[in-house]
Amino acid sequence: MSDRFDAGFEDKATDVPVRHAGSRARVLKTLTGIFSAKPDKSAIRIRLAAWVFLAVYGIIAAKLIDFGLRPDPPQSIKRAAADAVAAARPDILDRNGEILATDVKVMSVFAEPRRIIDKDEAVELLTAVLPDVDARELRERLGSRKGFVWVKRAITPKQQQEVYRLGLPGVGFLAENKRVYPNGPVAAHVLGFASLDGIGMSGLEKYIDGQGLAELHGAGFNLTPENLTPITTSLDLKVTYAVRDELAKSIVKFKAKAGAAAILDVNTGEVVAMASLPDFDPNTPPDPRDLEYINRLSVDVYEMGSTFKAISVAMALDLGKVNLRSRIDARESIRYVHFTIHDFHATHRMLSVPEVFTYSSNIGAARMALMAGVEAHKAFLYKMGQLSRLRTELPESAEPLVPKNWGELNTMTIAFGQGLNVAPLQAMMAVGALANGGFLVTPTFLKRDEEDAKKDAPRVIKPETSESLRYLMRLNAEIGTAKIANIQGYFVGGKTGTADKIIHGHYSKDKVFTTFMAILPSDKPKYLFLTLLDEPQGLPETGGYHTAAYNAGSVAGKIIERTGPLLGLPPRPDLPTQPFPLLAKLGYAEANQPAKGGGEH
Amino acid sequence: MVRILNILAIAALIGSAIYAYTIKYDTIFHAETIVKLQHEIKREQDTIGMLRAEWAHLTRPERIQALADKFLDLQVVALNQIVRADSLPGKAPRVDAIGRKLEALGLGEPTNTPGSGSIIDPAASSTPAR
């Protein structure tokens, strides 16, 4: 094209006949030099043409550089939009591949204030179509000098049609990813939620961002849901739902303030189900500062009460201070300065170690901890992960409240679960280690197999101690305080815990925090169940008692009954004949006989 | 001769030009088809994502339980209703119930069909032949 044009120009220049009569000879000479057709005069003409072309190309080059350096307006709109559009996030699946969180495409309305002609009219029309947009605030945003503002995120197709029909210049649509949680509040505390911009705000959503997703987005990678690998969690959706359902029913029944329940696979450390009530719907997340909705299992710390006795007994057994036939003096309450430790189910006699466990004797637990000594007690609890913050994939965690000056009195009270506040999930980890043969497996919310879990799980107690604890928990479910959760066919073992709550610096008598831990099956444990209720009330049918056996225990029983088949555990019609072979080898043949009687304890 | 060659050359030129343009337009057409298909794929993928989310929402346990409570006349499964396959009773020996019944009625003996019956049971021959 340009060739032809240049040629034409040249033709024109040469064809024009020049007959000028100038006043000044030099001007005339130059002009004749330019327009003359004589070859000897053409040098000056060529030079001039060269200069003209040079100048033209110079201008073009300068302009190009100018364009290159100046950010042009349509480009910046696009970039602002790309920054503003919610980023794609990987799907979150449960252990069976059910969707817990996914992205869907939605349309959002945006505006370019600079291109809107009549802003007041635009505000009026837009608010007429989108009634939940605040007119004053929208006017303010449109009045700003920004190139790009959102009018409303995630509108319905009908609203999109209506906005489109308004035909406003400077108002457009963008497809965005919106995070949806199809199951609503089920597993909400584990999932957390993502903001409208696709940034994880809590729970696993935040964990995913921490794993490099945010960096990828920041670096400008165009990630779509198709090229992101889904995250498979350890949760089982159906089990989690069942746990939450039973928990919700019991909170209503016992008029409790709050409650939580979880199921932990003791061999892999996987949290199979977790529910903490009150909870929230991640589709409409609450204010994250509202403490009402925290995950009570991992973000709050509690005095776990008698469930801690399992740890104390395990310590005494593991350190060889007692064996299963030892007798502990529980005749008198322990007096220490002006504190008195007494038993809830007082027996006033010598108790064997299994009796200390089944009667849930505070005195017995305190005496056993004293046998080990303060330092050994501290070291053991540290080894069991009870004195340091437990870190899982969930970004929210709580530091245990450890007494600053840890004396004999602290050791005695901590032995029966008062005076040391830990996150319930942390206590589950320890009891899981007592049950699974002695490996401290860190809980996880992602799918994991046993080999992976045991690879870096330290052995914290001997296998015999673990088996003794399983025997004690089984005994407790047969004749002790955990009878209510002894579901036939699952060989359940359990331990109750009732801690008096501290109100205004004093232990309250009528406000309690009850916990229940159950392992099943006790001979070859697979799952650990935890339920806890905050301030449950006594009911007429429980005889007005508000201790764990009546409330947290009954919830645990219901949960076990309902989720056992879901977890793939077949109920066994007969009791196992030789559930505790190691104990039998050590000479405790009675451990393999089903316990009878025991009366009302 | 030269003229024929010229004509051939021109024809070849036109031919190759037409061919080149055909390829060019084909390429453009295919490129556009690809873009269109890509958009369609994207749209389908988005729809699949949306439907998956919807499916998950509609099959959430909470809803299924409410529906089951409302429309199904079933009880919650009890643990003693679950047994292992090998604890089921073994298969009973094959019994010919009809044969036993016949035997009990005294009809176990071979029947005397007309024609052959006369050989087995002479009494049957008393029926008048037709």
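Results, tabulated for the structure shown:
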quantity	calculated
Strands (runs of 3 or more DSSP E) enclosed by the stretch A:238-341 - at least 3 residues per element that are under 25 Å from A:LYS558 (Cα atoms) and away from chain B (no Cβ under 14 Å)	A:258-265, A:271-277
Condition met for A:ILE461 (within 14 Å of chain B (Cβ to nearest Cβ) and either in a loop (DSSP other than H, G, I, E, B) or crowded, with 24+ Cβ neighbours inside 10 Å (or both))	no
Filtered residues of the stretch A:366-383 (kept if within 34 Å of the chain's Cα centre (by Cα) and among the aliphatic types (A, V, I, L, M))	A:ALA379, A:LEU381
Set B:ALA85, B:ALA97: member being aliphatic (A, V, I, L, M), free of Cβ contacts under 8 Å to residues at least 24 places away in the same chain, within 14 Å of chain A (Cβ to nearest Cβ) and exposed (fewer than 10 other Cβ atoms within 10 Å of the Cβ)	B:ALA85
The stretch A:516-548 - residue that is modelled with pLDDT under 90 and polar (S, T, N, Q) and, of those, farthest from A:SER360 (Cα to Cα)	A:GLN537
Selection count where residues are touching a residue at least 60 places away in the same chain (Cβ under 8 Å) and away from chain B (no Cβ under 14 Å), scope the stretch A:95-129	6
Residue among A:MET315, A:MET274 that is within 16 Å of the chain's Cα centre (by Cα), modelled with pLDDT of 90 or more and in the same structural domain as A:GLU535 (by TED's automatic domain parsing)	A:MET274
Test: residue in the stretch A:370-383 that is buried (at least 21 other Cβ atoms within 10 Å of the Cβ) and either assigned to a loop (DSSP other than H, G, I, E, B) or modelled with pLDDT under 85 (or both)	no
Meets criteria (touching a Ser or Thr at 6+ places or on another chain (Cβ under 9 Å) and more than 30 Å from A:ASP300 (Cβ to Cβ)) for A:ALA128	no
Test: residue in the stretch A:145-158 that is touching a residue at least 12 places away in the same chain (Cβ under 8 Å), of a type in the set (S, T, N, Q) and under 19 Å from A:LEU196 (Cβ atoms)	no
Single unsatisfied condition, A:PRO536 versus (1) surrounded by fewer than 18 Cβ atoms within 10 Å (Cβ to Cβ); (2) over 20 Å from A:VAL431 (Cα atoms)	(1)
From B:GLU32, B:GLU62, residue being at the interface with chain A (Cβ under 8 Å from one of its Cβ atoms) and not in a loop (DSSP other than H, G, I, E, B)	B:GLU62
Matching residues, the stretch A:178-211, being on the phi > 0 side of the Ramachandran plot and either crowded, with 24+ Cβ neighbours inside 10 Å or within 14 Å of chain B (Cβ to nearest Cβ) (or both)	A:GLY184, A:ALA187, A:GLY192, A:GLY203
Residue list for the stretch A:393-433, filter: part of a helix (DSSP H, G or I) and surrounded by fewer than 20 Cβ atoms within 10 Å (Cβ to Cβ)	A:GLU408, A:LEU409
Residue check, B:ASP46 surrounded by fewer than 10 Cβ atoms within 10 Å (Cβ to Cβ), acidic (Asp, Glu) and either assigned to a loop (DSSP other than H, G, I, E, B) or within 14 Å of chain A (Cβ to nearest Cβ) (or both)	no
Residue pairs meeting the criteria (Cβ under 6 Å; at least 6 apart or on separate chains; first in a helix (DSSP H, G or I), in the stretch A:537-560; second of a type in the set (Ser, Thr, Tyr))	A:THR542/A:TYR550; A:ALA552/A:THR514; A:ALA552/A:THR515; A:ALA552/A:THR531; A:GLY553/A:THR496; A:VAL555/A:SER250; A:VAL555/A:THR531; A:ALA556/A:THR531
Residues of the stretch A:84-114 satisfying the condition of being more than 27 Å from A:GLY192 (Cβ to Cβ) and touching a strand residue (DSSP E or B) at 6+ places or on another chain (Cβ under 9 Å)	A:VAL109, A:PHE110, A:ALA111, A:GLU112, A:PRO113
Residue check for A:GLY587: surrounded by fewer than 18 Cβ atoms within 10 Å (Cβ to Cβ), away from every other protein chain (no Cβ under 14 Å) and over 27 Å from the mean Cα position of the chain (by Cα)	yes
The stretch A:212-263, subset of a type in the set (Phe, Trp, Tyr) and in contact with a Pro (Cβ under 7 Å, 6 or more places away or on another chain), residue modelled with the lowest pLDDT	A:PHE254
Options A:LEU409, A:LEU425, A:LEU434; residue that is under 19 Å from A:PHE513 (Cα atoms) and not small (Gly, Ala, Ser)	A:LEU425
Single residue of the stretch A:143-177 satisfying the filter (among the aliphatic types (A, V, I, L, M) and within 36 Å of the chain's Cα centre (by Cα)) that is surrounded by the most Cβ atoms within 10 Å (Cβ to Cβ)	A:VAL151
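Listed here are the residues, each with its yes/no results for (1) among the hydrophobic types (A, V, I, L, M, F, W, C); (2) touching a Leu at 6+ places or on another chain (Cβ under 7 Å); (3) within 27 Å of B:LEU58 (Cβ to Cβ).
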site: A:LYS158; (1), (2), (3): no, no, yes
site: A:GLY167; (1), (2), (3): no, no, no
site: A:GLU176; (1), (2), (3): no, no, yes
site: A:PRO185; (1), (2), (3): no, no, yes
site: A:VAL190; (1), (2), (3): yes, yes, yes
site: A:PHE193; (1), (2), (3): yes, no, yes
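Every residue, every condition in (1) at pLDDT 85 or above; (2) over 26 Å from A:VAL186 (Cβ atoms), yes or no:
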{"site": "B:ILE41", "(1), (2)": "yes, yes"}
{"site": "B:MET50", "(1), (2)": "yes, no"}
{"site": "B:LEU58", "(1), (2)": "yes, no"}
{"site": "B:ALA78", "(1), (2)": "no, no"}
{"site": "B:GLU109", "(1), (2)": "no, yes"}
{"site": "B:ASN112", "(1), (2)": "no, yes"}
{"site": "B:SER126", "(1), (2)": "no, yes"}
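Each row is one residue, and each column tells you yes or no for (1) over 27 Å from the mean Cα position of the chain (by Cα); (2) over 27 Å from A:ILE341 (Cβ atoms); (3) more than 14 Å from every other protein chain (Cβ to nearest Cβ); (4) of a type outside the set (A, V, I, L, M).
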residue	(1), (2), (3), (4)
A:GLY497	no, no, yes, yes
A:HIS506	yes, no, yes, yes
A:ILE519	no, yes, yes, no
A:SER522	yes, yes, yes, yes
A:ALA548	yes, no, yes, no
A:LEU582	yes, yes, yes, no
A:PRO594	yes, yes, yes, yes
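Yes/no matrix, rows are residues, columns are (1) touching a Gly at 6+ places or on another chain (Cβ under 8 Å); (2) at pLDDT 85 or above; (3) assigned by TED's automatic domain parsing to the domain that holds A:ASN436; (4) within 17 Å of A:PHE491 (Cβ to Cβ):
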{"site": "A:TYR550", "(1), (2), (3), (4)": "yes, no, yes, no"}
{"site": "A:ARG572", "(1), (2), (3), (4)": "yes, no, yes, yes"}
{"site": "A:THR577", "(1), (2), (3), (4)": "no, no, yes, yes"}
{"site": "A:LYS596", "(1), (2), (3), (4)": "no, no, no, yes"}
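The values are calculated or read from the model by the stated rules, or taken from the named source; none is laboratory data. None of these values were measured; they are calculated from a predicted model. For neighbour counting, all protein chains shown are included, and Cβ atoms are generated from backbone atoms with ideal geometry for every residue, glycine included.
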